[in-house]
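Following: one structure in structure tokens, then a few remarks.
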Amino acid sequence: MFFNKKESSDKKKKVIDLFKNHVSLGKVKFYEKYNMNFVMGFREGPWLFDVDGKKKLFNLHSNGGVFNLGHRNKEIIDILKDQLNFYDIGNHHLISKQRAELAAKIADLMPGDLDYTIFGVSGGEAIDLALKLAKGYTKRRKIISAEGGYHGHTGLSVQTGDAKYRTPFLLDSDDYLQIPFNDLDALKKVLDQDVAAVILETIPATLGMPLPKEGYLKEVKKLCEENGTLLILDEVQAGLARTGKLWAFEHFDVIPDIVVLAKGLSGGIYPISATVIDKKLESVFHDDPFIHISTSGGSELGCAVASKVLEISSDVKFLERVNLLSDQFKYELEKLQQKHDGFFKGVRRKGLFIGLELKDNMAGPVLTKTAFDNDLLIVYANNDTSIVQFLPPLIMEDKDMKFVITKLDKAIKQAKLLHPVLKLKEKLFQF
Ligand SMILES: Cc1ncc(COP(=O)(O)O)c(C=O)c1O
């Protein structure tokens, strides 16, 4: 089937030229430099194929969870096709059955009073709304986030991340503070009466999946409550069964005031995001329910897709399967670790949210490249490049395990050889 979809090398070159001249010159130069000029063509399940048909990649990055259910998941496509016979984006001013039912479903699947959902298109948009709401509700200005965390590149979300993403755009603001993840003392020092919210990824992906220390998130919530500050948990990557529970925060005995969902909610098919809020926060909209608008946010087509994603991801058998795969990876990765001791130093793991701990900061980029050469797509963590993010599709089949481990073994062997000689002066990716 794939070969019928194949396009010639000339066509691929044309795409690259168009991209170079009309989308991003810098990105093309970058991929050419590392001989990684892959152009996504046909895709299915865990696989991505180059448009010229000459290479395929097993997706172990899953785009941070977008492709939790694989590429072009049939159940998701069928739902979307069906909806297209009747609906469209919908009208954001009017009452919507699809949005109402999806929000009710989310409320059902969330603990505590996380009863209301406002839909958006992207993760950044949903984070922006979470921050807006925290400020609007508490009437406080400051936001605290984790150093090395990542919540997006939109107007407010960009304020909570690395300075390099806002300083070039003259966007710095004194209202946003950062503290080290897992450091309660640092939090206590900055938590004052001006702080509207603390925002954290439940497990920070861009920081290389450091797991929250025992009791950390629970204590953060307690400190927030004592201070009248809200806790926002970003589950854009960690949510939706990725960690072996539907929501990652369920592992840590904490209920936040706001949960943000995106990426995987789309089923990889129709972009949609969600800012799920404690019902007390809905009061912000009482004076004027139209003070926040997103024309395409919560598109009625996207709602049907997201609803199916939730149905699949919350299924007990599905979660059991994720946990089984996680145990199998534990076993296989530990064997690889022993074999490549010194280069491959350890595994951070919650379900299939996995970080491979490597020798040093150069090892992550080098393994990303050798894995690519061995038909595996993995990406190192941008803010700790000694860690490679390892997010297998949750729908992975048993037969895929041997392929992945054999290829990873080869990639590590090559990375060990390349590592001392390759002087990568810059980071391979900027994800
Ligand atoms: C944890 C986390 N939060 C928020 C975002 C922003 O999502 P989006 O790129 O859809 O705006 C991302 C994107 O990578 C993310 O990983």
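Some observations on this one:
- Each Cα pair under 8 Å and six or more residues apart adds its sequence gap; the mean of these over the residue count of the stretch 117-190 is a relative contact order of 28 percent.
- Surface accessible to a 1.4 Å probe, TRP47 within the full protein complex, Å²: 40 Å²
- Peptides 286-296, 376-386, 10-20, 340-350 ranked from most to least packed give 376-386, 340-350, 10-20, 286-296, packing being the mean of other C-beta atoms within 10 angstrom over each peptide's residues.
- The packing ranking, built from the mean of other Cβ atoms within 10 Å per residue, places the peptides 215-222, 302-309 in the order 302-309, 215-222, highest first.
- Pairs of Cα atoms nearer than 8 Å and 6+ residues apart set the relative contact order; for the stretch 19-165 it is 10 percent.
- Sorting HIS22, HIS153 by accessible area puts them as HIS22, HIS153; the probe is 1.4 Å, largest comes first, and only protein heavy atoms count.
- Peptides ranked, highest mean first, by Cβ atoms within 10 Å: ranges 31-42, 248-259: 248-259, 31-42
- Cα convex hull, the stretch 74-313: 122 Å³ per residue, rounded to a whole number.
- Amide H contacts of GLY120 (H built 1.01 Å from N, under 5 Å, at least 5 apart or other chain): SER273, ALA274, THR275, GLY298
- Sorting LEU207, LEU200 by accessible area puts them as LEU207, LEU200; the probe is 1.4 Å, largest comes first, and only protein heavy atoms count.
- Placing unit charges on the Cβ atoms only, positive for Lys and Arg and negative for Asp and Glu, gives the chain a dipole magnitude near 1920 debye about its Cα centre.
- Inter-part distance where the stretch 12-87 and the stretch 347-382 are each reduced to a Cα centre, Å: 20 Å
- When only Cα pairs below 8 angstrom with a gap of at least 6 residues are kept, the stretch 74-313 shows a relative contact order of 29 percent.
- Partner aspartates and glutamates for LYS279 [C-alpha distance under 12 Å; skip if fewer than 8 residues away on the same chain]: ASP113, ASP115, ASP257
- Surface share of carbon and sulfur [accessible, 1.4 angstrom probe, percent] for the stretch 272-346: 50 percent
- Translational diffusion of the stretch 153-293, µm² s⁻¹ [Kirkwood Rh, Cα pairs; Stokes-Einstein; 10 °C; 1.306 mPa s]: 97 µm²/s
- Per residue value of the accessible surface for the stretch 288-431 (all protein chains in place, 1.4 Å probe), Å²: 43 Å²
- Where both bridge residues fall in the chain, DSSP classifies roughly 60% of the beta bridges as antiparallel.
- For the cross-link pairs LYS164/LYS213; LYS350/LYS407; LYS213/LYS280; LYS27/LYS359; LYS164/LYS345; LYS74/LYS308, the ones whose C-alpha atoms lie over 20 Å apart are LYS164/LYS213; LYS350/LYS407; LYS213/LYS280; LYS27/LYS359; LYS164/LYS345.
- Size of charge dipole - the stretch 74-313 - debye, nearest 20, with Cβ of Lys, Arg +1 and Asp, Glu -1, no other charges: 200 debye
The values are calculated or read from the model by the stated rules, or taken from the named source; none is laboratory data. This is a predicted model, so every value here is computed, not measured. Cβ sites come from the backbone with ideal geometry, for glycine too, and all protein chains shown count toward neighbours. Accessible surface is based on the protein model in full, side chains and every heavy atom, while ligands, DNA and RNA are left aside. Shrake-Rupley method; radii C 1.70, N 1.55, O 1.52, S 1.80 Å.
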